[in-house]
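Trainee: Here you go, one structure.
The values are calculated or read from the model by the stated rules, or taken from the named source; none is laboratory data. Just so you know, these numbers come straight off a predicted model, no measurement behind them. Note: ideal-geometry Cβ built from the backbone for every residue, glycine included; neighbour counts use all protein chains shown.
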Amino acid sequence: MNSLHVPLRFITPVSYSLITYPISAERLKMASFTIPITYDKVLLVTKNPGKNNKLSVQVAKVSAPFTFELWLLLIAIIMFTALLSVWYSSHIGSARNQSFREMSLRRKKLYARLVVDSILQKGSFFFSAGVEHDADASLPTKLLMFGFGFLILITVSAYVANLAAFLTRNIVDVMSVEGVVAAGLPICAPPAIQHELKMAWPKANLHYINGGFNGMIDDYDLGRCKVLAVSVEDTSMDLPLLEKFCERDLVFTNSLFVDIPIAFPIRPKLASDVSYWMFEGERFHDLKLANIKDEYSKEYGEGCNVKISAEGNESSDDYAKITVKMMFFPISFFLGFALLSALLQIIHQRRIRNRQQTQMGAVSASQVSVVSEKSLVKKEKNATCLKEEDGKNRND
């Protein structure tokens, strides 16, 4: 048995108590204790908030698979790809060597429209999980799209794999101790841990009730407090009290007020010996408080559920967001091809400026046929010239 409300006083000369007590600063002045048999958590008990089905919450689930930083980086990549595509575009080649200040207002507007169209196009590529293959595009453009396509493949696959968990997640607006203290809500609490609560939460609006947990419930019904600070170990096997919680739709949250060790009061000369046998029993004979509670629950039942199910069933790994660090390789892959394409574009433009031949621009199958025909014509001309020279030599 454990009690936050039974006063600790040795009226007669006894050696130990069979009632466990939370070890508080006040009680340590009055008696010595054995080693703790467990650590009691004083948790926040509040009205069951239920599921949050607000439209804003459901909309936020769509962006939940990625972190905010990753979303910003992906948007920046889309815009960066669009700007490079405008630069590589073949239909504005006549203005490549012209500075931005020298351009006319109409040309600047055309450039702005091209940038907007390119951003929308690359965004559509991203949302449709693919890129459009343009056979007539230049080599830098194809390299850029190759890297961009790989990034899209990994990003969309990771997003879809993570999205299902977030869309089916039940969002619960669970109150926390921090939120309750910041809002100044009145809290019903047992006076036995008054010192610990004041030390942990000096700004909390605490109301100490001397009537035990039933007195706390009475004050809650009267509206004197909005939430409760309740010991888990002190109430876990009190089925009538748990039924009262269920009747009022009160639930335990995972928000912690204080963590207090629970032990047996005992005479100082017996404390070390009893603590030794307690340690031996727990270590070698599995004599643990949790096991005793499980046996009690099997025999008398567990009572109603006073825990928020969404808190207990969720694993931190089930709703882990994709971060920039996790996407390091596909992003690096894209940036590598983007850099390579930019270098080739610079070389391509320099050769055009110097009126040199370049194979980095747009190449089509028709051009190969034309080049082949020209080569044949040139060979025929060379052969004819050779024949004519041979004829002249023979005549001479």
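Trainee: Can you spot a residue in the stretch 262-276 that is in contact with a strand residue (DSSP E or B) (Cβ under 7 Å, 6 or more places away or on another chain), modelled with pLDDT under 65 and in a helix (DSSP H, G or I)?
Mentor: No; the residues of the stretch 262-276 include none that is in contact with a strand residue (DSSP E or B) (Cβ under 7 Å, 6 or more places away or on another chain), modelled with pLDDT under 65 and in a helix (DSSP H, G or I).
Trainee: So, one more: Name the residues in the stretch 253-284 that are farther than 30 Å from W201 by Cα and within 42 Å of the chain's Cα centre (by Cα), would you?
Mentor: Within the stretch 253-284, F279, E282, R283, F284 qualify.
Trainee: Does the stretch 208-227 include one or more residues that are of a type in the set (V, I, T) and in contact with a strand residue (DSSP E or B) (Cβ under 7 Å, 6 or more places away or on another chain)?
Mentor: Yes, because at least one residue in the stretch 208-227 is of a type in the set (V, I, T) and in contact with a strand residue (DSSP E or B) (Cβ under 7 Å, 6 or more places away or on another chain).
Trainee: Quickly run through the stretch 75-90 and pick out the residues that are buried (at least 20 other Cβ atoms within 10 Å of the Cβ) and within 19 Å of the chain's Cα centre (by Cα).
Mentor: Of everything in the stretch 75-90, nothing turns out to be buried (at least 20 other Cβ atoms within 10 Å of the Cβ) and within 19 Å of the chain's Cα centre (by Cα).
Trainee: Among the residues of the stretch 215-238, which ones are farther than 19 Å from E178 by Cα and in contact with a helix residue (DSSP H, G or I) (Cβ under 7 Å, 6 or more places away or on another chain)?
Mentor: Result: I217, T235, S236, M237.
Trainee: Among the residues of the stretch 120-138, which ones are buried (at least 16 other Cβ atoms within 10 Å of the Cβ) and either in contact with a His (Cβ under 8 Å, 6 or more places away or on another chain) or at positive phi (or both)?
Mentor: S138
Trainee: Can I ask one more? It is to be established whether one or more residues within the stretch 154-162 are touching a residue at least 60 places away in the same chain (Cβ under 8 Å), farther than 12 Å from L44 by Cα and touching a Ser or Thr at 6+ places or on another chain (Cβ under 6 Å).
Mentor: no
Trainee: Sticking with this one: Looking at (1) touching a His at 6+ places or on another chain (Cβ under 9 Å); (2) surrounded by fewer than 18 Cβ atoms within 10 Å (Cβ to Cβ); (3) small (G, A, S), can you tell me which one A200 breaks?
Mentor: Here A200 clears every test but (1).
Trainee: To continue, here is another question. Kindly list the number of the only condition in (1) among the hydrophobic types (A, V, I, L, M, F, W, C); (2) in a loop (DSSP other than H, G, I, E, B); (3) modelled with pLDDT under 75 that fails for I92.
Mentor: Going through the list (1) among the hydrophobic types (A, V, I, L, M, F, W, C); (2) in a loop (DSSP other than H, G, I, E, B); (3) modelled with pLDDT under 75, I92 breaks only (2).
Trainee: Still on this model: Name every residue in the stretch 239-263 that is under 16 Å from A192 (Cβ atoms) and surrounded by 14 or more Cβ atoms within 10 Å (Cβ to Cβ), in order of residue number.
Mentor: F257, V258, I260, P261, I262, A263
Trainee: Where in the stretch 157-252 are there helices (runs of 4 or more DSSP H), lying wholly inside it, with at least 2 residues that are within 31 Å of the chain's Cα centre (by Cα), at pLDDT 85 or above and in the same structural domain as Y39 (by TED's automatic domain parsing)?
Mentor: Because the criterion is at least 2 residues that are within 31 Å of the chain's Cα centre (by Cα), at pLDDT 85 or above and in the same structural domain as Y39 (by TED's automatic domain parsing), the helices (runs of 4 or more DSSP H) in the stretch 157-252 that meet it are 177-183.
Trainee: Give me the pairs, please: first residue somewhere in the stretch 329-355 and buried (at least 19 other Cβ atoms within 10 Å of the Cβ), second residue anywhere and in a helix (DSSP H, G or I) and of a type in the set (S, T, Y), beta-carbon distance under 6 Å, and either six or more positions apart or on two chains.
Mentor: Taking only residues 6 or more apart or on different chains, the pairs are Q345/Y88.
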